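Student: Quick one: this structure, given as structure tokens, is what I'll be asking you about.
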Amino acid sequence: MLLEYIKQPWPWYISGPLIALVMYLLLKQGKDFGMSNNLRTMCTVLGAGKTSSFFRFDWKTQSWNLLLVLGTVIGGFIAHYFLDDGTPTQIHAKSVADLKELGIIDHIQGYLPESIFVFNGSLFQFLILSIGGILIGFGTRYAGGCSSGHAISGLSNFQIPSLIAVIGFFLGGIIMIHFLFPLIFA
């Protein structure tokens, strides 16, 4: 019975308090949650501090965060290979209709429309992915963290810059999907 419960999406009243508990424990220890800091830590571990002062810091103070990344990878592996029963993810019909209207659904498997997430080798797709990756990397560094760090850790710590960043994330998403996306992929 427990395994069947784990396989299902968890309702907000279970997952929300669990996230709050984790955040409370992290804040109690003086730690911040965020995935983007791990890139800096991994670069430091691999010796990037020899070429840039940005990477010169005691990475061992962030080793707990590397365990978070490892746990995320292992958890994703377990969920995919041992907890997935193979049935397609149910997406609301209105969402599917909206995606079809934008022309980005040809075959959907889970949450991943193949026309977006399966690299077909085209120069256009390569450029979109490359430019998007650079912009996300720059934005993450410029904003002082990623969306998960600001939205979960920053907001739970009552940080005004995190509130501004989260509002910016939402506004950027709205502008992208309603105005830029139709221009780029029309």
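Student: How many lysine pairs are close in region 1-101, with Cα atoms under 28 Å apart and the two 8 or more places apart or on different chains?
Tutor: Eligible lysine pairs with Cα atoms under 28 Å apart amount to 5.
Student: Roughly how many percent of the accessible protein surface of the chain is carbon and sulfur, given a 1.4 Å probe and a whole-percent answer?
Tutor: Reported share for carbon and sulfur atoms: 71 percent.
Student: Assigning unit charges at the beta carbon (Lys, Arg +1; Asp, Glu -1) and nothing else, what dipole magnitude in debye, to the nearest 20, does the chain show about its Cα centre?
Tutor: For this selection, approximately 760 debye.
Student: Just going by the charge dipole of the chain, with Lys and Arg at +1 and Asp and Glu at -1 on Cβ, which of W59, G75, Y13 is farthest out on the positive end?
Tutor: W59
Student: Which residue, chosen from Q90, L180, G149, occupies the Cα position most advanced towards the positive end of the dipole of the chain, where the dipole is computed from +1 (Lys, Arg) and -1 (Asp, Glu) charges on Cβ about the Cα centre?
Tutor: Value computed over the given set: G149.
Student: Taking the solvent-accessible surface of protein heavy atoms with a 1.4 Å probe, what is the per residue accessible area of region 28-68 in Å²?
Tutor: Value returned for region 28-68: 68 Å² of accessible area per residue.
Student: Using only alpha carbon pairs under 8 Å that are at least six residues apart, calculate the relative contact order of region 28-102 and give it in whole percent.
Tutor: 23 percent
The values are calculated or read from the model by the stated rules, or taken from the named source; none is laboratory data. In this text the structure is predicted, and so the values were computed from the model without any measurement. Glycine also receives a Cβ, built like all others from the backbone with ideal geometry; neighbour counts cover every protein chain displayed. The area values use the complete protein model at the heavy-atom level, side chains included, leaving out ligands, DNA and RNA. Shrake-Rupley method; radii C 1.70, N 1.55, O 1.52, S 1.80 Å.
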